[in-house]
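The structure appears right after this line, and notes come after that.
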Amino acid sequence: MGAYVVAALVSLVPGATGLFGKLLAAVPQPITAGVLAGVLLPFAMRVAAAVAENPAPAGALVIGYLVGRRFAPRYAVFLALGLGVLVA
C-alpha cells in the first residue's frame, strides 16, 4: 500500500506544479508521436482480424466510429461503444 501512496505522490506533484508539462514539452514531437504509434499499433492491427472473426459486432464498432467522427467527432467513441453493445 505504501508503494501506491508513493506512486500517487510522484504522479501528483509534477502534474500539480506544471513540471510534467514542461518535461513533456522538452521531448521532441516526433518521439512522442512514435511512442504513441508504438502503443496503439497492436490495437489497430487487431481490428481487421476482429472484423473477420466477428463481423457484426466489430463491424458495428468500426462503422459507429466512422459515422461518429463524421457527424459528432466529440462523441465518436461513445457512439461506437453504444452501437457495439447494441449489436452484441
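The values are calculated or read from the model by the stated rules, or taken from the named source; none is laboratory data. Keep in mind that this is a model prediction, so the values were computed, not measured. SASA here: full protein model, heavy atoms, side chains in, ligands and nucleic acids out. Shrake-Rupley method; radii C 1.70, N 1.55, O 1.52, S 1.80 Å.
Figures for the structure shown
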{"item": "Segment L40-R74, length gained on full extension (0.36 nm per residue, minus Cα span)", "result": "10.3 nm"}
{"item": "Helix axis angle, 2-17 relative to the chain longest principal axis, alpha carbon, degrees", "result": "90 degrees"}
{"item": "Protein accessible area in the range 27-88, 1.4 Å probe - carbon and sulfur %", "result": "75 percent"}
{"item": "The chain, Rg to Rh (Cα coordinates; Rh as Kirkwood inverse mean 1/r)", "result": "1.15"}
